[in-house]
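Visitor: I have a structure here, written as structure tokens, and I will follow up with some questions on it.
The values are calculated or read from the model by the stated rules, or taken from the named source; none is laboratory data. The structure displayed is predicted, hence computed values, not measured ones. Cβ placement follows ideal geometry from the backbone for every residue including glycine, while neighbour counts extend to all protein chains displayed. The protein model used for the area step is the full one, side chains on, heavy atoms only, and it has no ligands, DNA or RNA in it. Shrake-Rupley method; radii C 1.70, N 1.55, O 1.52, S 1.80 Å.
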Amino acid sequence: MKAEGKVFKYGDNVDTDVIIPARHLNTSVPSELAKYCMEDIDADFVKKVQEGDIIVAEKNFGCGSSREHAPIAIKASGISCVIAATFARIFYRNSINIGLPIIECKEAAKDIEFGDQLKVNFDTGVIENITKNKSYQGQPFPEFMQKLIASGGLVAYVNKNIEQGEKDEL
């Protein structure tokens, strides 16, 4: 699995309340959440983000509440992956559960800038900064996590396996 896109860069401690403000939590519809993604930290995000773009942040990305709305809003906005020095653990788990690829890499988080063009290989964890002609070694996903992400998240993965199991029994 791979991702390629332009970078939206943020700093430390980007919490779930700025990823998707609480005033917009009256829905769990991904396309509706995407309309308000990052609006309290970057009012132009939803106007500029394109399918495949990448968020890069510093430490503790996704801190705050345990709501799964935050990674859902990011994924639905078109972001193909999030790279950060570190992630809040609940955000990390929620991201994997909904099929949003995330990679920890301190060096990349520090060096990559807004607007840089990246290529990310989830199998190897290699992050290529096309703009700066540099590479960084991120933490690759274990095979089981790659399967979850490729399936679209935990629920989709389980449903797919149940369907295949039922087909096998027929």
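Visitor: Please report the antiparallel percentage of DSSP beta bridges with both residues in segment 1-153, rounded to the nearest 5.
Guide: Counting DSSP beta bridges with both partners in segment 1-153, the antiparallel share is about 50 percent.
Visitor: Please report, ordered by residue number, every helix of the chain (full DSSP H runs) that is 15 Å or longer along its axis going by C-alpha atoms and whose mean Kyte-Doolittle hydropathy reaches -1.0.
Guide: Details: long enough: 154-169 (22 Å, -0.97).
Correct list, ordered by number: 154-169.
Visitor: With just the Cα atoms defining each centre, how far is segment 27-100 from segment 127-164? Give it in Å.
Guide: What the calculation gives is 16 Å, centre to centre.
Visitor: Then there's this: Do me a favour and compute the ellipsoid semi-axes for the chain from its Cα gyration tensor, root of five times each eigenvalue, largest one first, whole Å. The partial results should precede the final answer.
Guide: Details: eigenvalues 127, 87, 37 Å².
Rounded to whole Å, the semi-axes are 25, 21, 14.
Visitor: Can you give the accessible area of SER65 in Å² (nearest 10), computed on protein heavy atoms with a 1.4 Å probe?
Guide: Only protein atoms counted, so the area is about 40 Å².
Visitor: May I pose another question? Over 17 Å apart: what share of the alpha carbon pairs of segment 79-141 falls there, rounded to a whole percent? Could the numbers behind the result be given before it?
Guide: Numbers: 671 of 1953 pairs.
I get 34 percent for the Cα pairs in segment 79-141 exceeding 17 Å.
Visitor: On the accessible surface of the chain, probed at 1.4 Å, how many percent belong to carbon and sulfur atoms? Could the numbers behind the result be given before it?
Guide: Values: 4160 of 8490 Å².
The computed percentage sits at 49.
Visitor: Projecting each Cα onto the charge dipole of the chain (Lys/Arg +1, Asp/Glu -1 at the beta carbon, about the Cα centre), which of ASN26, GLY153, ALA43 comes out farthest on the positive side?
Guide: So the residue we want is ALA43.
Visitor: Using a simple charge model, +1 on the beta-carbon of Lys and Arg, -1 on the beta-carbon of Asp and Glu, nothing else, what dipole does segment 1-80 show about its Cα centre, in debye to the nearest 20?
Guide: Working: 10 positive and 13 negative charges, 34 e Å.
It comes to approximately 160 debye.
Visitor: Another one. Whole number in Å², please: accessible area per residue of the chain, 1.4 Å probe, ligands, DNA and RNA not counted. Show your work: numbers first, answer last.
Guide: Details: 8490 Å² over 170 residues.
Per residue, the chain has an accessible area of 50 Å².
Visitor: Which shape class applies to segment 26-68: rounded if a/c is under 1.5, otherwise prolate when a/b exceeds b/c and oblate if not, where a ≥ b ≥ c are the square roots of the Cα gyration tensor eigenvalues? Spell out each step's value before the answer.
Guide: Working: a/c = 1.67, a/b = 1.03, b/c = 1.62.
Verdict is oblate for segment 26-68.
Visitor: Would you kindly give the portion of the calculated P(r) for segment 1-102 that falls above 22 Å, as a percent of all Cα pairs?
Guide: Details: 786 of 5151 pairs.
It works out to 15 percent of all Cα pairs.
Visitor: Ordering MET1, MET38 from largest to smallest accessible area (1.4 angstrom probe), what's the sequence? Display every interim value, and only then the final one.
Guide: Working: MET1 70, MET38 0 Å².
Solvent-accessible surface, decreasing: MET1, MET38.
Visitor: Let me ask something additional. Apply the a/c threshold of 1.5 to the C-alpha gyration tensor of segment 107-170 and tell me whether it is rounded, prolate or oblate.
Guide: Details: a/c = 4.07, a/b = 3.44, b/c = 1.18.
Judged from the Cα gyration tensor, segment 107-170 comes out prolate (a/c at least 1.5, a/b above b/c).
Visitor: Kindly state, to the nearest 0.05, the FRET efficiency for LYS134 paired with LYS59, given R0 = 25 Å and r defined as their beta-carbon distance.
Guide: Between LYS134 and LYS59 the formula returns 0.75.
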